[in-house]
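Please treat every number below as a calculation from the coordinates, not as lab data. All of these numbers come straight from a predicted model, not from anything done at the bench. Reconstructed Cβ throughout: ideal geometry from the backbone, glycine too, with neighbour counts over all protein chains shown.
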C-alpha cells in the first residue's frame with residue numbers, strides 16, 4: 001500500500017449520481033432487497049458482463065432495526081437474478097440442481113463464470129458451512145455443492161469473502177452465533193482436493209468484527225474495511241492482506257484517516273481506489289452528509305472525500321441538499337463495479 005509523498009496532488013473522491021434506475025418489472029426484478037450479495041461474473045459467449053444477485057431479505061420484521069445484534073429479517077429468500085450490464089435488463093434465473101437454503105448476510109465471490117457462496121443466516125438459523133457454486137459457464141445455470149476436506153471456517157454470518165490473486169478464496173471475520181470472529185481462512189481454487197487453510201498472518205492483525213467488507217485489488221491484495229466489534233462499536237480502520245512469494249500472508253494497517261467509522265456498508269475497487277458507500281453507526285443510525293461516501297486511494301495511501309485528502313473525522317454539516325449523499329445514505333445494500341462504473345442495489349434507508 002502506497003503513501004502520498006510531500007506535495008503530492010491526489011484527485012478528490014468523485015461525486016456520485018443516479019445515472020438511471022433499472023428496477024425491472026414482474027418476477028424478473030429482484031424487488032426490495034437487503035442483506036443480499038451482488039457479484040460480477042466474466043463475459044460468456046452469449047453475454048457481456050453480468051451482475052448476479054442472490055438471497056437477502058425482501059422485508060424486515062416490525063420493530064426491527066439494522067443495529068440490533070440479531071438480524072431478525074423476514075422474507076429471506078434464495079432466488080437468483082441476473083442483470084445484463086449491456087442490455088440493462090434483469091432476468092430471474094432458475095438454475096438446475098439443489099440450491100442453497102434461503103439466507104442473508106452471507107458472502108459471495110466470483111471465480112470466472114462461477115459464483116461461490118458461503119455462510120449466512122436464514123429462517124432456520126445459521127446456514128451450513130458448505131460452499132455452493134452457481135455455474136453459469138456456457139450460459140447453462142446449475143447449482144453445485146463443493147466437496148471440501150477437513151475443517152473450515154464453520155457456520156457464520158456477517159463475514160466477508162473475495163477471490164484473491166485470481167486463485168485464493170479468502171474468508172474473514174463474522175459471527176458464529178457465539179462470538180464475533182477475527183480469523184481468516186483461504187481455499188486454493190487451483191488445487192484439488194479442495195481444503196480450507198486457517199491463516200496465521202504476520203503484521204498488524206485486525207480486531208474481531210462483523211459486517212465489514214473485504215475487496216480484492218487486481219494485484220492480489222485484500223482490503224478489509226470497517227465493521228462492528230463485539231460491543232457494537234463501529235470501526236473505522238482498514239487492513240490489507242497480501243500473500244508473499246514464500247506463501248506467508250501478512251496484514252498491513254492502511255494509513256490515513258477514514259471519514260467515518262461504519263458497518264453494513266459496501267465497498268468495491270475501481271482501479272486502485274476502494275469506494276466505500278453507506279453504512280451505519282452505533283445503534284443503526286445512518287451516516288449523514290459527506291461521510292456516507294469515502295474513497296481509500298491505496299496507491300497514495302490516503303482516504304479521500306470530495307474536498308481532497310481527509311485529515312479529520314469531524315464532518316462538516318451542511319443545509320444544502322446533497323443528492324449524492326442522499327442516494328448513498330443506506331445500509332445492508334450490495335455493490336459491484338464493472339470498469340469505471342459502480343452498481344449499487346437495495347439496502348435499507350432511514351430505518352426502512
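Where both partners of a DSSP beta bridge lie in the stretch 27-345, what percent of those bridges are antiparallel, to the nearest 5?
95 percent
Counting other beta carbons within 10 Å of each Cβ, put 87, 195 in order, fewest first.
Going from sparsest to densest Cβ surroundings: 87, 195.
With an 8 Å cut-off on Cα pairs and a minimum separation of 6 or more residues, tell me the relative contact order of the stretch 27-345 in percent.
12 percent
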